[in-house]
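Here the structure is laid out as structure tokens; the discussion comes afterwards.
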Amino acid sequence: MFNPDKVRIRQSFAAASSTYDGAAELQRRVGRALVADLNAEMLTGTVLDLGCGTGFLTGELLALTPQESVIAVDIAFGMLEATRSKLAAHNNVRYICADAEQLPIAASTVDVVVSNLALQWCRNLTAVFAELKRTLKPGGQLVFSTFGPHTLQELKSAWAEVDDYSHVNEFYGAVEIELFLQQAGFKQVRIEAKTYQPKYDSVLALMRELKAIGAQNVIGERNKAITTQSQLQRMIKAYDLYRLDGMIPATFECFLIRAQA
């Protein structure tokens, strides 16, 4: 079991609330792929956007279900405020700042839970899925995307040439996620894997983007010492071996998952 630092997670994403939209193109691409599998008939009643960030997916859901009740939840108050500001014209959205493991939502009151690239920051998925099963009505749908273990494999490999510490977050595999869902009582689990590989001018450009969206390393055995310029340069040199046509790639493995409560 990986150990999360929830304070760091909350602080990291709150700090990124003003820079997130400018750097979150991958999150938008995955979010569009996620909602492409949804329709207005499926999104009825109360829809919960878990880990709403700055409100991109919430807005997409409102476009599909303009008359329905939507609950936007995020652990970072700054992100929630960004969503509230962006969706100020909508009066059918409730905003809740909460941990996914302890949702202040009554049992069996939600029809659909949708979450885009948020649950990878929740290491205790047993607790998260049990909580979502509790809040969903019987037969309700859970639809979410999350990162897989091959995410940022180039960056992970490059840092491995420098030291033995974890500089890159570790993520659960599809088999583990399916098991957690089944243990929580979900059925009809469907998992689709997609790989995205955006290109960057430099390793530093990739690292700046990760910081801008709040995705610093918040899980694992981190080196508490300050990374030296020499160590950083060694990592960049190792990463440059992946460079092709003047650009460096970064792999993001994404799972698009649907399950029934």
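The values are calculated or read from the model by the stated rules, or taken from the named source; none is laboratory data. As the structure is a computational prediction, the values presented were derived from the model and not from experiment. Cβ sites come from the backbone with ideal geometry, for glycine too, and all protein chains shown count toward neighbours.
Tell me, please, whether a residue that is touching a Gly at 6+ places or on another chain (Cβ under 7 Å), over 15 Å from F255 (Cβ atoms) and surrounded by fewer than 22 Cβ atoms within 10 Å (Cβ to Cβ) can be found in the stretch 128-147.
Restricting attention to the stretch 128-147, the residues satisfying the condition of being touching a Gly at 6+ places or on another chain (Cβ under 7 Å) are 133.
Okay, now just the ones that are also over 15 Å from F255 (Cβ atoms), so 133.
Filter once more, keeping what is surrounded by fewer than 22 Cβ atoms within 10 Å (Cβ to Cβ): 133.
Yes, the conditions are met somewhere in the stretch 128-147.
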Among (1) surrounded by fewer than 22 Cβ atoms within 10 Å (Cβ to Cβ); (2) modelled with pLDDT under 90; (3) not acidic (D, E), W121 falls short only on (1)
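Among residues belonging to the stretch 209-235 that are exposed (fewer than 14 other Cβ atoms within 10 Å of the Cβ) and in a helix (DSSP H, G or I), point out the one that is modelled with the highest pLDDT.
Initially, the stretch 209-235 is screened for residues exposed (fewer than 14 other Cβ atoms within 10 Å of the Cβ), giving 221, 224-226, 228-230, 233.
Imposing the further condition that a residue be in a helix (DSSP H, G or I) reduces the set to 229-230, 233.
Working: Q229: 86, S230: 90, Q233: 93.
The residue in question is Q233.
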Residues in the stretch 148-197 that are surrounded by 14 or more Cβ atoms within 10 Å (Cβ to Cβ), in contact with a helix residue (DSSP H, G or I) (Cβ under 6 Å, 6 or more places away or on another chain) and of a type in the set (D, E) total 1
Of the residues in the stretch 158-176, those that are farther than 21 Å from C254 by Cβ, of a type in the set (D, E) and in contact (Cβ under 8 Å) with a residue 40 or more places away in the chain number 2
Taking the stretch 131-172 and keeping residues part of a loop (DSSP other than H, G, I, E, B) and closer than 20 Å to L26 by Cα leaves G148, P149, H150, T151, L152, V168, N169, E170, F171, Y172
Requiring at least 1 residues that are modelled with pLDDT of 90 or more, the helices (runs of 4 or more DSSP H) wholly within the stretch 1-97 are 25-35, 56-64, 77-86
